Amino acid sequence: MALLVIDVQHGFDEIEASGLGRNNPGALMEIGRLLTAFRAWKKPIFHIRHEGTAPNSFFCPGSRGFAVKAEARELPGEPVIVKRVNSAFIGTDLEARLRAAGIGTLVICGATTNHCVETTTRMAGNLGFDPWLVRDATWTFDRIGPDGDRHPAADVHAMTLANLHQEFARIVTTSDIITTRGESRNNH
């Protein structure tokens, strides 16, 4: 079992400052709890970073937005994988690292629920991993639909979890992971 911490970067501060609502304000605290637990258990942790390629991206290398939030900062020896698209598996060596280490179960947290977290979770399931998406350690923002209608972040988050539930991932809480000490009953 390994922990994937996806895109917990300051670029999302800019999105929040733009006026879009955000759900799950306790997500950073829960990510911190997961990191503490996985470190205590000496289980693998992979830090995923998004590198923006557009000149106006909030996640351009060297910018404040590319920097990682303090709650999710890696420790020496914990790998950092930089991606340029929504999936942590595309254009990276994540899959090869996981397979080489014999890791089958992935505990996934980070931002945003309906973008990079969802895409990585779907791909993990399609690649034969056993993804566990931690619902209280992810968050998203309000979305504006194609007709200009606003969808609240809590609804977007809930719908993403519903879409992934049982077909692509197990939907769990931080407490579920900590209670089981990160042990999968059906690990493959």
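Points worth noting:
- Within the range 1-25, considering residues that are more than 30 Å from Gly102 (Cα to Cα) and in contact with a His (Cβ under 7 Å, 6 or more places away or on another chain), the one most open to solvent (accessible area, probe 1.4 Å): Asn24
- Residue list for the range 135-151, filter: in a strand (DSSP E or B) and touching a helix residue (DSSP H, G or I) at 6+ places or on another chain (Cβ under 6 Å): Arg135, Asp136, Ala137, Thr138, Trp139, Phe141, Arg143
- Residue that is nearest to Ser175 (Cα to Cα), among those in the range 38-93 that are in a helix (DSSP H, G or I) and in contact (Cβ under 8 Å) with a residue 60 or more places away in the chain: Phe38
- Among the residues listed as Ile81, Ile103, Ile90, the single one being more than 22 Å from Arg22 (Cα to Cα) and open to solvent by 60 Å² or more (accessible area, probe 1.4 Å): Ile90
- The number of residues in the range 167-183 that are surrounded by fewer than 12 Cβ atoms within 10 Å (Cβ to Cβ) and either in contact with a Leu (Cβ under 7 Å, 6 or more places away or on another chain) or β-branched (Val, Ile, Thr) (or both) comes to 1.
- Considering (1) touching a strand residue (DSSP E or B) at 6+ places or on another chain (Cβ under 7 Å); (2) open to solvent by 20 Å² or more (accessible area, probe 1.4 Å); (3) not aromatic (Phe, Trp, Tyr), the lone condition that His47 does not fulfil carries the number (2).
- Across the range 121-150, the qualifying residues are those that are open to solvent by less than 10 Å² (accessible area, probe 1.4 Å) and of a type in the set (Gly, Ala, Ser), and the one among them that is farthest from Ile15 (Cα to Cα) is Ala124.
The values are calculated or read from the model by the stated rules, or taken from the named source; none is laboratory data. None of the values given here were measured: they were computed from a predicted structure. Methodologically, a virtual Cβ is constructed for each residue, glycine included, from the backbone with ideal geometry; neighbour enumeration extends over all protein chains shown. For accessibility, only protein heavy atoms count, side chains too; no ligands or nucleic acids. Shrake-Rupley method; radii C 1.70, N 1.55, O 1.52, S 1.80 Å.
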